[in-house]
Each structure stands twice: as C-alpha cells, then as structure tokens.
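Each remark here refers to the structure printed beneath this line.
The values are calculated or read from the model by the stated rules, or taken from the named source; none is laboratory data. What you see is a predicted model; the values in this text were computed from it and never measured. Heads up, the Cβs are rebuilt from the backbone with ideal geometry, glycines too, and the neighbour counts pull from every protein chain shown. Remember, those area values only see protein heavy atoms, side chains included, never the ligands or the DNA or RNA. Shrake-Rupley method; radii C 1.70, N 1.55, O 1.52, S 1.80 Å.
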Amino acid sequence: MCGIVGYIGSKPAQEILVEGLRKLEYRGYDSAGIALCREGKLEAKKTEGPLTALEKRLQADPLTGHLGIGHTRWATHGKPSDENAHPHMDPGHQFAVVHNGIIENYLGLKEELQKKGYTFTSETDSEVIAHLLADLDDGDLVSTVRRAVRRMRGAYALAIIRCGEPDKMVAVRLASPLIIGVGDGENFIASDIPAILEHTRDVYVLEDGEMAVLTREWVELTTIGGDSVDKELFHVTWDAVTAEKDGYDHFMQKEIFEQPRAIRDTLAGRLKDGIVDLYGELSLAEEDLKKIDRIHVVACGTAYHAGLVGKTILEKWAHIPVEVDVASEYRYRNPLITSSTLVIAISQSGETADTLAALREAKKGGAKVLGITNVVGSSVAREADEVLMTWAGPEVSVASTKAYTTQLVTLALLGLHLARVVGTLGREELSDTATAMLRLPEQAESLLTDTVAIEQFARGIAGQENLFFIGRGLDHAVVMEGSLKLKEISYIHSEACAAGELKHGTLALIEEGFPVIALATQQAVRDKMVSNIIEMKARGAHVLGLALEGDTEVGKSVDEILTIPKTLPLLTPVLSVIPLQLLAYHTSVVRGLNVDKPRNLAKSVTVE
Ligand code: M6R
C-alpha cells in the first residue's frame with residue numbers, strides 16, 4: 001500500500017526521496033509526490049501514475065532543499081489523481097503531510113474546518129490533516145502535531161514538516177507501519193526498511209501511539225502523549241541487493257528460485273538432533289500447550305491457502321481440531337473462542353488489516369494468538385502472544401511464492417512440536433518426519449533445474465480465457481493457490497475445484513480443448529483422482545497432470561505430465577506448488593504482463 005519516505009540531512013533531499021519511493025514501489029501505488037522545505041518555504045510536486053511521471057516533472061522543475069517527505073499513494077478515499085496524491089499542504093503552505101492509513105472521522109473534521117473557511121482541493125481523508133495542523137498551529141511543530149493527532153481517529157502513519165521549522169520533521173504511528181533510520185548527520189522516516197537501506201542499517205521500529213522528532217543530529221522518541229520512549233536500535237543484517245532482482249527478470253522469478261534457500265532458513269536451528277524443537281521460540285509452557293482443544297487459523301489470500309494445508313497437518317499430527325477462516329470473515333461470524341483456543345494468524349507482511357482485525361478479535365475473546373509472519377517488528381509479530389518467523393527474506397513481488405512454502409514449513413514445524421508435546425507422535429515418527437523435512441530444500445532445487453516443459457505448457461494456455469485446476473485432499477488446497485497465482489498475474493480466469501465435486505455442476509463447462517491442470521500427488525486418493533481425470537478427458541478436456549516421480553498410472557490418462565519428487569504426503573504441497581508458481585509466472589511473461597505488479601493489487605493490504 002502507500003509508502004512514506006522522509007529525509008533530513010545535508011544532501012539534496014529530492015534524489016533521496018525519489019530513490020526511497022522507488023524501493024517502496026513493490027507495495028503498489030497509483031500516484032506519487034514529494035514536498036521539500038527550502039529557505040522556509042514548502043513546495044510540493046505530485047503526479048498520478050508511475051514514479052517516472054513524477055521524475056519527469058522534477059527534471060523540468062526540480063525541488064531543492066535538505067528536508068523533505070515523499071509518498072506513493074494507493075487510492076482509498078478519492079480516485080488516483082494529481083490532486084489526491086500526497087503530500088498535502090494547508091492553504092497557507094505552512095505544513096506538508098504524507099499519510100498512510102485512514103482517518104475515520106475525516107468528514108466531521110472537514111466540515112468543521114470548512115466552516116472556518118478552509119478550502120479543500122482533494123477528495124482524500126488525508127488532506128484534512130494538513131488543514132487541522134494549520135488550524136491548531138501554535139508555532140511549534142511537535143506540540144501542534146500532538147494536538148492534531150488527538151483529534152484524529154483511525155489508522156495512520158504520518159510524516160510531517162513545517163515551513164517555519166526547517167531543521168525538524170515529525171513521524172507518528174498508529175496502526176500503520178513506520179520506521180526511523182538513523183544516519184550520520186542525517187535521519188530518515190520510511191514505511192519499510194528497503195527505502196533507506198542504501199543510507200543506513202540502524203533503525204527504530206515505531207510502535208502504535210509513538211512519535212519521533214528528527215533533526216539532522218538526533219532522533220527523539222516519545223509517545224503521542226509526550227512520555228519519553230526508550231528502545232533499542234535494530235541493526236539490519238540483510239543486504240540491499242537481497243531486495244533487488246539479483247539478475248532475474250522479475251522479483252517473482254527470483255523469489256520462486258529462492259525457495260530452496262528460504263526453506264533451509266525456515267528449518268535452521270529448529271530441528272535439533274533430528275527432533276523438532278521450538279522451545280526456545282515459544283513461551284507457552286507445555287501445560288498450556290496441552291490445554292489447547294481447538295485451533296483457529298486466520299489469514300488472507302495465499303496465507304489462507306497455507307492455512308488450509310496447515311489444518312490437515314495439525315489435525316493429523318497433533319490431533320487438535322482446526323478451523324480455517326478467511327480473516328475478513330472471521331470476526332463477523334462470532335467464532336467460538338475460549339481460553340483454550342489457539343488462534344494462528346498467518347501473514348507474510350504482518351500488516352494485512354483483515355488478519356490484524358481477526359487477531360485482535362481472537363485476543364479479545366481470550367484466545368492465545370500465535371503469529372506466523374515474515375517481517376520482524378511487523379504488527380502481527382508485535383501483537384501476537386507467540387511468534388514463529390518464516391525467515392523467507394523480503395518478498396517484493398505482489399504474487400506471494402516463497403512466503404507460501406515457508407509458511408507451510410513453519411506450520412509443519414509447529415505441528416510436529418505440538419505432536420511432540422501432546423504425545424501424538426512417537427520419537428521415530430518425529431525423527432522420520434524431520435528427516436523428510438530436511439530433504440525439502442534439495443527436492444525444491446531439483447524442481448527448478450529444468451523448467452522447459454512448464455514454459456511450453458504456459459505458451460499453450462497463454463491464449464486461453466478459462467482454465468480449471470482440480471485436485472483431492474491436500475492437492476485441492478494446493479490447486480486453490482495455483483489458481484489464485486495464475487489469476488492474479490496472468491488475468492486468465494481459473495477455478496480450483498475439488499475433483500469429486502466436478503460431477504455436481506462444473507463438468508457442464510468442459511468442452512473440446514478446455515485446459516485442465518490436475519494434481520494427483522496424494523497417494524490415498526490417487527485412483528479416485530485418475531477417475532476424475534478420465535471424466536474430464538471424456539468430455540474433451542486437455543489435461544496437464546502433476547504426479548509423483550515413479551507414478552506410472554497418472555501419465556496414462558493425461559495429455560501432458562509433470563512429476564515432483566516424493567516426500568511425505570503432508571509435506572508434498574511444499575513441492576507440488578512450485579510447478580504451479582512457475583506456470584503462472586511464465587504465462588504472465590508470455591502474455592507480456594507486469595508480473596511483479598499486477599493491475600488493481602497491492603503487496604501489503606493495510607486497509608479492510
Ligand atoms: O502479507 P499477507 O500474507 O498477510 O498477505 C495476504 C494476501 O494479501 C496475499 O497473500 C495475496 O493473496 C497475494 N497477492 C497472493 O499472491
């Protein structure tokens with residue numbers, strides 16, 4: 001979603017802000033802008049469209065100064081336009097503000113300010129902040145911001161500058177991510193670390209209700225109320241290049257190929273002497289874990305699909321009943337939550353608004369919440385009682401890939417840990433499973449060595465408008481992910497069907513040449529799956545089958561066949577999803593689409 005960058009120092013701010021915004025492009029945006037302070041005057045330039053449009057405008061008419069804020073906007077209140085782009089300023093150009101989030105009471109504030117004569121030029125909720133600041137201006141940026149923020153309800157991350165104080169900027173966080181970068185004679189504000197990594201590795205992660213005042217020389221952290229806040233600097237160890245394409249054509253491709261490494265990192269240190277060990281990471285005592293009598297998984301999109309696989313893993317290994325909910329539905333269905341419910345919130349970004357709302361609902365109901373996330377210091381990581389990191393590394397492409405496989409591996413580790421604690425798996429089973437898990441990175445690697453057959457199939461389906469994915473059991477969960485991936489980056493309509501359901505309606509759509517992707521990797525239902533494939537073939541479908549290496553049956557009933565290495569059935573989704581990710585990727589490439597930034601979508605969905 002929206003991205004924020006702020007700079008104060010001795011270098012020209014324009015370039016630093018634009019470069020910072022470029023690093024945040026992956027979050028998704030439809031307009032961009034910057035505002036700089038020079039000789040006590042604020043000037044802003046903003047444009048609808050890509051950052052290059054803003055750069056063009058800046059080339060023609062640059063902004064100079066050593067203090068500034070920048071923003072990439074993803075429209076919520078008001079269409080994408082120059083006027084609605086940030087930064088927003090008050091009519092007297094006293095304040096410039098960039099905002100991520102939603103000001104829920106903006107209509108009331110706007111009406112109040114309009115009555116006082118303030119004229120609004122945008123449709124956004126954010127503009128109200130600039131006018132409110134002007135209205136409450138007491139000559140001091142910090143105290144004015146404090147008083148303004150007290151009037152605002154909603155979620156926000158803010159960066160604010162005031163023309164009368166060219167040596168200061170202020171950042172405020174309430175429910176939208178914000179970090180402060182600490183440099184040498186310069187300091188930064190950003191929504192995310194990649195934006196400032198080129199300049200500093202030392203950051204403060206602001207918590208909800210916190211504020212930072214930045215000058216060139218120092219950073220002061222307080223609560224919005226003014227109490228001082230003492231927190232440690234977080235030193236970023238990963239390299240800037242990790243967040244770049246690294247020789248691949250697209251971030252998605254890079255992230256697919258990073259999966260063997262990512263899975264290795266997820267497993268590292270968690271299988272000791274061949275047995276799972278999460279004792280150091282989970283603070284819940286064994287007695288508390290034993291009391292868990294139901295698990296709810298809440299997540300969105302790809303993370304939700306990981307949860308569907310997790311359900312089977314947790315139920316089979318730990319014998320605890322699991323319900324999986326799309327996070328946006330969870331709190332509206334009044335779920336039965338007790339103190340012996342464990343709620344698992346899965347989120348790559350850790351900032352997905354719906355997942356956070358479900359997490360908060362679970363906490364309100366008295367459940368223990370365990371977050372599975374990829375982002376250290378994210379809201380999920382901070383708000384959950386327990387956290388298991390996926391350690392996939394930054395995921396930039398909107399289409400989630402390595403996040404999914406590492407979420408599956410983390411869920412499997414958790415399943416094993418619970419099974420160990422509650423005693424549902426013996427030492428031998430624990431150890432055999434751990435051995436199988438340790439082989440996953442190398443097996444994933446083998447799936448990435450030759451992708452020619454998938455590329456060929458991608459060329460075949462690139463001209464199609466509709467496609468079905470079918471599977472049974474865990475294969476059904478995996479085809480849901482395969483279908484989402486294809487839809488979001490190739491714009492081909494596809495549906496994922498439980499293969500046994502086809503005869504109850506969907507089969508009516510099958511006609512000569514209709515493309516179908518059939519997963520048949522679950523041995524327990526393999527024969528039933530073959531029958532379903534034959535039903536499709538009989539109606540003219542063109543079927544690509546995915547089976548286990550050594551399976552001689554599935555290949556006989558399909559038009560084309562791909563195979564994946566054998567592992568335990570419950571771990572197979574970690575491997576079977578990879579050809580589907582590659583298929584979506586290559587189809588998007590063949591269609592000439594924007595693989596990493598599909599239309600209408602954002603990487604981090606921080607509004608409900
Ligand atoms: O950051 P999260 O894991 O919470 O994001 C959840 C979904 O928005 C995300 O998985 C989305 O479905 C992806 N674009 C799918 O590729």
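Mind listing whichever residues of region 270-284 are open to solvent by 40 Å² or more (accessible area, probe 1.4 Å) and either within 16 Å of the ligand (Cβ to nearest atom) or not acidic (D, E) (or both)?
Residues satisfying the conditions are K272, Y279, G280, S283.
Across region 550-608, what is the total count of residues that are within 16 Å of the ligand (Cβ to nearest atom) and touching a His at 6+ places or on another chain (Cβ under 7 Å)?
The total comes to 2.
When region 285-300 is examined, which residues are found to be part of a loop (DSSP other than H, G, I, E, B) and more than 16 Å from the ligand (Cβ to nearest atom)?
Matches in region 285-300: A285, I292, D293.
Whether any residue in region 63-71 is touching a residue at least 12 places away in the same chain (Cβ under 8 Å), crowded, with 24+ Cβ neighbours inside 10 Å and under 22 Å from R599 (Cα atoms) is what I want to check.
Scanning region 63-71, I find at least one residue that is touching a residue at least 12 places away in the same chain (Cβ under 8 Å), crowded, with 24+ Cβ neighbours inside 10 Å and under 22 Å from R599 (Cα atoms), so the answer is yes.
Consider G377 against the criteria (1) away from the ligand (no atom under 13 Å from the Cβ); (2) not in a loop (DSSP other than H, G, I, E, B): it satisfies all of them except one. Which criterion is unmet?
Unmet condition: (2).
Can you find a residue in region 401-411 that is crowded, with 24+ Cβ neighbours inside 10 Å, closer than 23 Å to L583 by Cβ and more than 14 Å from the ligand (Cβ to nearest atom)?
yes
Say whether the condition of being outside the structural domain of D138 (by TED's automatic domain parsing), polar (S, T, N, Q) and open to solvent by 30 Å² or more (accessible area, probe 1.4 Å) is met by at least one residue in region 213-228.
No: zero hits.
In region 16-55, how many are at pLDDT 95 or above, more than 27 Å from the chain's Cα centre (by Cα) and not in a strand (DSSP E or B)?
1
Does P194 qualify as being in a helix (DSSP H, G or I), touching a residue at least 60 places away in the same chain (Cβ under 8 Å) and within 22 Å of the chain's Cα centre (by Cα)?
Against the criterion (in a helix (DSSP H, G or I), touching a residue at least 60 places away in the same chain (Cβ under 8 Å) and within 22 Å of the chain's Cα centre (by Cα)), P194 qualifies.
Condition check ((1) surrounded by 24 or more Cβ atoms within 10 Å (Cβ to Cβ); (2) more than 30 Å from K11 (Cα to Cα)) across all residues:
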site	(1), (2)
L132	yes, yes
D140	no, no
E165	no, no
A171	yes, no
L174	no, no
S191	yes, no
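Anything in region 589-604 that is on the phi < 0 side of the Ramachandran plot, part of a loop (DSSP other than H, G, I, E, B) and open to solvent by 60 Å² or more (accessible area, probe 1.4 Å)? List them, or say none.
Once the filter is applied, which keeps residues that are on the phi < 0 side of the Ramachandran plot, part of a loop (DSSP other than H, G, I, E, B) and open to solvent by 60 Å² or more (accessible area, probe 1.4 Å), region 589-604 yields R591, N594, K597, R599, L601.
Just need a number here: residues in region 473-494 that are within 16 Å of the ligand (Cβ to nearest atom), buried (at least 23 other Cβ atoms within 10 Å of the Cβ) and farther than 18 Å from F514 by Cα.
Within region 473-494, residues that are within 16 Å of the ligand (Cβ to nearest atom), buried (at least 23 other Cβ atoms within 10 Å of the Cβ) and farther than 18 Å from F514 by Cα number 5.
Take the residues in region 429-464 that are assigned to a helix (DSSP H, G or I) and hydroxyl-bearing (S, T, Y); name whichever of them is nearest to the chain's Cα centre (by Cα).
Only one residue tops the list, namely S446.
Which count do you get for residues in region 301-349 that are within 12 Å of the ligand (Cβ to nearest atom), open to solvent by 40 Å² or more (accessible area, probe 1.4 Å) and not in a helix (DSSP H, G or I)?
1
Would you point out which residue out of L583, L546, L571 is farther than 15 Å from T401 by Cβ and part of a helix (DSSP H, G or I)?
Every option except L571 fails the conditions.
If you go through region 444-472 one residue at a time, how many are surrounded by 19 or more Cβ atoms within 10 Å (Cβ to Cβ) and in contact with a Pro (Cβ under 8 Å, 6 or more places away or on another chain)?
6
So which pairs qualify, if the first residue must be in region 537-549 and assigned by TED's automatic domain parsing to the domain that holds G471, the second must be buried (at least 17 other Cβ atoms within 10 Å of the Cβ) and of a type in the set (K, R), the Cβ gap must be under 9 Å, and the two must be at least 6 apart or on different chains?
Cβ pairs passing all conditions: V543/K537; A547/R526; L548/R526; L548/K566; E549/K566.
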